[in-house]
1. Run through all the Cα pairs of the stretch B:119-275 and give the fraction in each 5 Å bin from 0, expressed as whole percent.
2. Straight-line reach from B:Lys208: which lysines have Cα under 17 Å away, leaving out those fewer than 8 places along the same chain?
3. Using alpha-carbon positions, what is the distance between the centroids of the stretch A:139-203 and the stretch B:58-104, in Å?
4. Residue farthest toward the positive end of the dipole of the protein assembly as shown, with Cβ of Lys/Arg at +1 and Asp/Glu at -1: which of B:Tyr75, B:His195, B:Val170?
5. Please compute the volume of the convex hull spanned by the alpha-carbon atoms of chain B and report it per residue in Å³.
6. Could you tell me the relative contact order of chain B? Use alpha-carbon pairs under 8 Å, at least six residues apart, and round to a whole percent.
7. Taking θ = phi - 60°, what integer Hz values does the Karplus form 6.51 cos²θ - 1.76 cosθ + 1.60 yield along the stretch A:132-149, in sequence order, with x for Gly and Pro?
8. What is the set of long-range amide H partners of A:Ile113 at a cut-off below 5 Å, with H atoms built 1.01 Å from backbone N?
Amino acid sequence: MITRPQVRFGMALLGCMLVLTAGQTFASAPNAYEEASSGYFRDQDTLPGTYLQYRQSKEFGGSFWGLGPGGGDLKRSSFNADAHENIYGYGVRSCVSCHEENRYDLHSSRGQITCIQCHRGRPIAGVFHYYSAMNPIRRHAYVCAKCHEGASASFATYVIHEPPPLAAATANEFPLFYYASWFMVILAVGVFSIFIPYVLLWGLRELIARFTGRRRHNHA
Amino acid sequence: MLSNVKRFTTVQMMFHFALIITFMLLSVTGLAWMYIETGWGQSLASPFGGYIGALEWHRNTGLALLALFAIHIVYSIWNIDWNNFPASLLSRDSMVFQWRDVKDVFLHLGWIFGLSKGPQFDRWSWWEKFDYWAVWWGLIIVGITGLMLYNPVLSSDYMPGWLLNVALWVHRIEAVLAMAHIFTIHFFIEHWRPHCFPFSATMFEGSKDIRHLREEHPAWVARLEAEGRLEQVLVAPAPIPLRILYFGVGYALIGLGVFLLVFGLINVALLTLKL
């Protein structure tokens, strides 16, 4: 004879199985982030964490006493699945009509690389969107390595859209880039601002010495 | 007639000539890449088979120059007078900057403005020392950044990849500084100022007319005479055909430098690089 506690236990067991089975079904469905992307990285990735980790990680400018890149403002749209959501007239514009500052980078002006060869897929995901190929955790493998065989995560921290090295804002965006460039420019300008007037006056002095008929050089 | 004073050894002249060849190759291929967006840059690259070939030449020539630099460092250490070290570093034949050179700069300035008699240069004047050490400082900067950029995928295994952004701009600015300095200041001081015009072959011939040296390096000639060593360092000037060759090769290289400088300046507005 089946006792009441045994019935209760059986019901509970059945309930647990139902819940577990339901859980199983639920887990294999795409989550909200994934649904918005290609879903391509589903097998490899875990769920999105905090975005701030990228600004603190070694690969993303946090090393070298904060002298690396990544100090500038981050756009909210860089975290969206569709970085250009709600941009008016987006469909008929070219990339550089808005991103004018990125028109001439070494990759585009010399490598003849087009924007979507790196910012790939439709819609174009923000570079920090969790499932974007451009996300720093996988950028080296899915984007850089297409041409640069063997590219590492460190390699992928090279700043493609580098700011103008001498611009004031660069001091905050990429400090070492700014200070190293200024150091070199000051060195170069310093050398020429001393030597050019110096040798011109020197040449003039030798010319005068020649025409006044005195002995030609400096112990005349 | 032995009218010239020996100034450079054959090894030193070979170092300088190898430096000229590698420097010019690096200048042409480097500017070809920097100006590749312009017609001028493309024509600079064409003898090397376009920009890929030009970059390959740039990398290999850069390695050759660094090897030359390494050999020169060994040579310099080898040639230090170790018996009289460290005093020998401050001898009058030494390339090391000394307090005397600082005084010479001001005496020289005084002479330019007609205020003083002018310095009595010994073996090396201050600008000769400056030009010598400028190659060291330039090669250290350009060499380190060049090695970083040689294989970016490999080098970023040992440093953050974003250092390549820094390395490329430092490499570029130092290279432009070096080229502009050689193609204006160095050429002017050694060849174009009235006392040397039109061409000084000392670095090809290894020796210089004693009359010229009595004016430019009077303390050195006086010292050689006082020590009774002048006879030992007197040599005959090179024969005329050789001097014509020195002039021809020298002016071909000077012309190349001036061509790079002038066309680089003309085309600079067409560059999309933003400083």
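1. 2, 7, 12, 14, 15, 14, 11, 8, 7, 5, 4, 2, 0
2. Straight-distance partners of B:Lys208: B:Lys6.
3. So the two Cα centres are separated by 30 Å.
4. B:His195
5. On the way: hull volume 46.4 nm³, N = 275.
Once divided by residue count, the hull of chain B is 169 Å³.
6. Numbers: 253 pairs, mean separation 78.5, N = 275.
About 29 percent, as a whole number.
7. With coefficients 6.51, -1.76 and 1.60, one gets 6, 4, 7, 4, x, 6, 9, 3, 4, 7, 8, 10, 4, 5, 4, 10, 8, 4 Hz.
8. For A:Ile113, the qualifying residues are A:Ser108.
Only the coordinates and a few stated rules stand behind these numbers; no lab work does. Please read these numbers as outputs of a predicted model, since none were measured by experiment. Cβ sites come from the backbone with ideal geometry, for glycine too, and all protein chains shown count toward neighbours.
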